[in-house]
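The values are calculated or read from the model by the stated rules, or taken from the named source; none is laboratory data. Note that the coordinates shown come from a computational prediction; the quantities given were computed from them, not determined experimentally. Cβ coordinates were reconstructed from backbone atoms using ideal geometry, including for glycine residues, and neighbour counts include every protein chain displayed.
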Amino acid sequence: MLNMKVVEILTGFAKKPCDAINGDLRLKEDLGIDSVDIVKIIVEIEENLDLEIDMASIRVESFRTVASVVKLVEEIASSSEEV
């Protein structure tokens with residue numbers, strides 16, 4: 001469920017259709033997502049998934065591939081459930 005929602009959000013910024021997106025695709029090189037789009041993606045994730053992402057704690061590696069974004073969101077979601 002969470003995975004699908006993150007992919008839907010990324011699809012809105014990608015230069016590919018949703019069914020062509022998989023975890024191995026790189027945001028910049030494969031999907032054409034730039035740094036401005038990444039900020040917009042973070043906002044979309046926060047709004048749509050009711051999460052708060054600390055921008056200062058985000059590592060560049062967290063936004064290299066589709067799978068790395070999904071992993072980051074899953075970690076944030078699970079840590080917010082623990083609180």
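Suppose we filter GLU47, GLU81 for residues that are part of a helix (DSSP H, G or I), more than 12 Å from the chain's Cα centre (by Cα), surrounded by fewer than 18 Cβ atoms within 10 Å (Cβ to Cβ) and modelled with pLDDT of 95 or more; which single one remains?
GLU47
Collect the residues in the stretch 50-65 that are within 10 Å of the chain's Cα centre (by Cα) and either modelled with pLDDT of 95 or more or surrounded by fewer than 16 Cβ atoms within 10 Å (Cβ to Cβ) (or both), keeping them in residue-number order.
ARG64, THR65
Please go through (1) within 11 Å of VAL66 (Cβ to Cβ); (2) in contact with a Ser or Thr (Cβ under 8 Å, 6 or more places away or on another chain); (3) at pLDDT below 95 for VAL7 and return the number of the only condition it doesn't satisfy.
(2)
Looking at (1) under 11 Å from the mean Cα position of the chain (by Cα); (2) modelled with pLDDT under 90, which is the only condition LEU27 fails?
That leaves (2) as the condition not met.
Would you please name the residue that is nearest to ILE38 (Cα to Cα), looking only at residues in the stretch 52-80 that are touching a Gly at 6+ places or on another chain (Cβ under 8 Å) and not hydroxyl-bearing (Ser, Thr, Tyr)?
So, considering only residues that are touching a Gly at 6+ places or on another chain (Cβ under 8 Å) and not hydroxyl-bearing (Ser, Thr, Tyr), the one nearest to ILE38 (Cα to Cα) is VAL66.
Filter the stretch 1-26 down to the residues that are of a type in the set (A, V, I, L, M) and closer than 21 Å to ALA77 by Cα, then identify the one that is surrounded by the fewest Cβ atoms within 10 Å (Cβ to Cβ).
Filtering first and then ranking leaves MET1.
Look through VAL69, VAL39 and report the one residue that is within 12 Å of the chain's Cα centre (by Cα), under 16 Å from MET1 (Cα atoms) and assigned to a helix (DSSP H, G or I).
Residue meeting the stated conditions: VAL69.
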